[in-house]
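Some notes on the structure that comes next.
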Amino acid sequence: MTRRPDMRIPSSSPADPQRPDAIVFDCGNTMVMVDRVAFDAVFRAQGFSETECQRLEATFPVAGDLQLLEVPGVTSIRPFYDWWAFAAGVDQATAPNRIEKALQSGTIFSTSNTSLRPLFQELASLGVLIAVVANDDGELPQELVDLEVADLVSVAISSHEVGIRKPAPSIFQVASEALGVPASASWFVGDSLMNDVLGPQLAGFARSILFDPWRTRRLVPVERIEDLDELADMVRGRPSRTGRVEPGDYLLP
């Protein structure tokens, strides 16, 4: 767990109970994003078509949520690869093995996210503390350095270090205690419905915001954004550009 001094820049704006004192981010697939060139290269090498690669990339976070389900009769040997093939609609007989081989052959992620540092600087100028909570294998500190935001992150909580994984509410409580900011005055942002929406809600976060740049969860009735840059406007009290699902969206044609 990394704890840095208070990074907030004092704001001249009057206190607003709707504004967060802190925003806590997921890392993988939220800050560290899929490198599409690398992704296509390793998956095309395993025989996936261009269309299949697009579907696999879009459903990557969905597979992570499905992995947490227990379904009778579904093998538990490689649940993540099986669920990912199912979510992407690719050949479930051969795809799980090919997905596994693709991920083993090279990294699909990039720590080159040029829009992240300006966003964090803007949030700090608005008086918001920034933290990160990640399910990881110990790579979080280096990822923050590679993303060039380590100096702007007040608290970094690694599941590898604290021995707790999302969506357990206790890992979010660890972050709140380290920040010195109550969950009720904090927002959480991440790409997983289970890990980054349900978990923080159970921990008492004021808002849990789904990061959904692929628009694969558009009809899920949760608060969502498609671009992290929307957060600065939301802190200022402006509505998200993404908007919310409307009841009419559920009506069958």
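The values are calculated or read from the model by the stated rules, or taken from the named source; none is laboratory data. Here the structure is a predicted model, which means the values were calculated and not measured. For neighbour counting, all protein chains shown are included, and Cβ atoms are generated from backbone atoms with ideal geometry for every residue, glycine included. Surface accessibility is based on the protein's heavy atoms, side chains included, excluding ligands, DNA and RNA. Shrake-Rupley method; radii C 1.70, N 1.55, O 1.52, S 1.80 Å.
Consider Val197 carefully, then state whether it is part of a helix (DSSP H, G or I) and without any contact (Cβ under 8 Å) to a residue 24 or more places away in the chain.
Criteria not met by Val197.
Specify the residue that is least open to solvent (accessible area, probe 1.4 Å); the eligible residues are those in region 165-178 that are closer than 20 Å to Gly28 by Cβ and among the charged types (D, E, K, R).
Lys166
Run down Val181, Val197, Val162, Val235 and say which single residue is touching a helix residue (DSSP H, G or I) at 6+ places or on another chain (Cβ under 8 Å) and open to solvent by less than 40 Å² (accessible area, probe 1.4 Å).
Within the list Val181, Val197, Val162, Val235, the selection yields Val235.
What pairs come up if the first residue lies in region 113-135 and is at positive phi and in contact (Cβ under 8 Å) with a residue 24 or more places away in the chain, the second is assigned to a loop (DSSP other than H, G, I, E, B) and crowded, with 18+ Cβ neighbours inside 10 Å, and their beta carbons are under 9 Å apart, counting only those six or more places apart or on different chains?
Hits for this filter: Gly127/Arg19; Gly127/Asp21.
Could you look through region 132-153, keep only residues that are of a type outside the set (Val, Ile, Thr) and part of a loop (DSSP other than H, G, I, E, B), and pick out the one that is nearest to the chain's Cα centre (by Cα)?
Asn135
Tally time: how many residues in region 200-221 are more than 27 Å from Cys53 (Cβ to Cβ) and either of a type outside the set (Phe, Trp, Tyr) or in a helix (DSSP H, G or I) (or both)? Even if it seems obvious, please write down each step before you answer.
Step one: filter region 200-221 for residues more than 27 Å from Cys53 (Cβ to Cβ), giving 200-209, 221.
Checking the rest, the ones that are also either of a type outside the set (Phe, Trp, Tyr) or in a helix (DSSP H, G or I) (or both) come to 200-204, 206-209, 221.
Counting residues in region 200-221 that are more than 27 Å from Cys53 (Cβ to Cβ) and either of a type outside the set (Phe, Trp, Tyr) or in a helix (DSSP H, G or I) (or both) gives 10.
Consider only pairs whose beta carbons are under 7 Å apart and that are at least six residues apart or on different chains; among these, list those whose first residue lies in region 217-233 and is within 21 Å of Ala124 (Cα to Cα) and whose second residue is open to solvent by 30 Å² or more (accessible area, probe 1.4 Å) and in a helix (DSSP H, G or I).
Ala232/Glu122
Hey, among Leu219, Leu152, Leu210, Leu179, which residue is within 20 Å of Ala22 (Cα to Cα) and in contact with a Phe, Trp or Tyr (Cβ under 9 Å, 6 or more places away or on another chain)? So that I can check it myself, show each step before the final result.
Numbers: Leu219 fails: within 20 Å of Ala22 (Cα to Cα); Leu210 fails: in contact with a Phe, Trp or Tyr (Cβ under 9 Å, 6 or more places away or on another chain); Leu179 fails: in contact with a Phe, Trp or Tyr (Cβ under 9 Å, 6 or more places away or on another chain).
Within the list Leu219, Leu152, Leu210, Leu179, the selection yields Leu152.
Quick test of your reading of the structure: Cys27 fulfils all but one of (1) touching an Asp or Glu at 6+ places or on another chain (Cβ under 9 Å); (2) open to solvent by less than 50 Å² (accessible area, probe 1.4 Å); (3) modelled with pLDDT under 95. Name the failing condition by number.
That leaves (3) as the condition not met.
For region 169-193, enumerate the residues that are closer than 21 Å to Val235 by Cβ and of a type in the set (D, E, K, R).
Result: Asp191, single match.
Cβ-Cβ distance below 7 Å, separation of 6 or more or different chains: which pairs start in region 61-72 with a residue that is surrounded by 14 or more Cβ atoms within 10 Å (Cβ to Cβ) and end on one that is at pLDDT 85 or above and part of a loop (DSSP other than H, G, I, E, B)?
That search, which allows pairs on different chains as well, returns Pro61/Asn29; Pro61/Asp191; Pro61/Ser192; Val62/Thr216; Gly64/Ser192; Asp65/Ser192.
So, of the residues in region 200-216 that are free of Cβ contacts under 8 Å to residues at least 60 places away in the same chain and small (Gly, Ala, Ser), which turns out to be surrounded by the fewest Cβ atoms within 10 Å (Cβ to Cβ)?
Gly204
Is region 79-94 home to any residue that is open to solvent by less than 40 Å² (accessible area, probe 1.4 Å), part of a helix (DSSP H, G or I) and touching a Phe, Trp or Tyr at 6+ places or on another chain (Cβ under 8 Å)?
Yes, that holds for at least one residue.
Go through (1) at negative phi; (2) at pLDDT 95 or above one by one and return the number of the condition Arg217 breaks.
Unmet for Arg217, out of (1) at negative phi; (2) at pLDDT 95 or above: (2).
Suppose the filter is among the acidic types (Asp, Glu), at pLDDT below 90, within 25 Å of Val220 (Cα to Cα) and not in a strand (DSSP E or B); does Glu70 pass it?
Numbers: among the acidic types (Asp, Glu): yes; at pLDDT below 90: yes; within 25 Å of Val220 (Cα to Cα): yes; not in a strand (DSSP E or B): yes.
Against the criterion (among the acidic types (Asp, Glu), at pLDDT below 90, within 25 Å of Val220 (Cα to Cα) and not in a strand (DSSP E or B)), Glu70 qualifies.
In region 95-131, what count of residues is obtained for those that are outside any helix (DSSP H, G or I) and of a type in the set (S, T, N, Q)?
So the count comes out to 7.
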